[in-house]
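Notes follow once the structure below has been shown.
Any read-out appearing in this document is the output of simple, stated calculations on the displayed coordinates, not a laboratory observation. Source: prediction; values computed, not measured. Methodologically, a virtual Cβ is constructed for each residue, glycine included, from the backbone with ideal geometry; neighbour enumeration extends over all protein chains shown.
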Amino acid sequence: MQVGKIFSRGDNVPTITLIAHTGEIHTLDVEEGTTVMEAAINNAVDGIIGECGGCCSCATCHCYIDSRWLDKLPVRGDLESEMLEFASSQAGPNSRLACQVEVTDALDGLVVTLPETQL
């Protein structure tokens, strides 16, 4: 299975939108089960580093989930919350690690804003 594969709109896969701190918008079609971090890295979106490879052991995939989507995500776990304390950009109530946000059909249309810096 190829993770983060880019699909055409006819493949009926979830679409997510990543907004860089500069305002640049990246709309990606991603396979269900792909994390937001994997989708960003596999599509060369600046603003997500993912230094630990998605193991929830760094905060270099910190992102801000649009408030309209927060109730559709699983609750942030203790380890993720601890890692967010080390994020280089200020973490808020809508902060998540992109490696912990798995794209599902229920997240079709998800909007994520990327912080100015990850380091």
Val103 long-range amide H proximity, modeled H, under 5 Å: Gly33, Thr34, Thr35, Val36
Sorted by Cβ neighbour density within 10 Å, fewest at the top, the residues His62, His21: His21, His62
Once the Cα gyration tensor of segment 57-119 is diagonalised, semi-axes √(5λ) in Å: 19, 12, 10
Whole-Hz couplings from phi, Karplus 6.51/-1.76/1.60, listed for segment 100-117; x for Gly and Pro: 9, 10, 8, 6, 10, 4, 5, 9, 4, x, 3, 10, 10, 9, 9, x, 5, 9
For Val111, distant residues with modelled amide H under 5 Å away: Thr17, Asp66
Extent along principal axes [Cα atoms of segment 13-113; Å; largest to smallest]: 32, 26, 23
J(HN,Hα) series, segment 81-88, from Karplus relation 6.51 cos²θ - 1.76 cosθ + 1.60, nearest Hz, glycine and proline x: 4, 5, 5, 5, 5, 9, 4, 6
Protection proxy ranking of 86-95, 73-82, 37-46 - average other beta-carbon atoms within 10 Å, highest first: 37-46, 86-95, 73-82
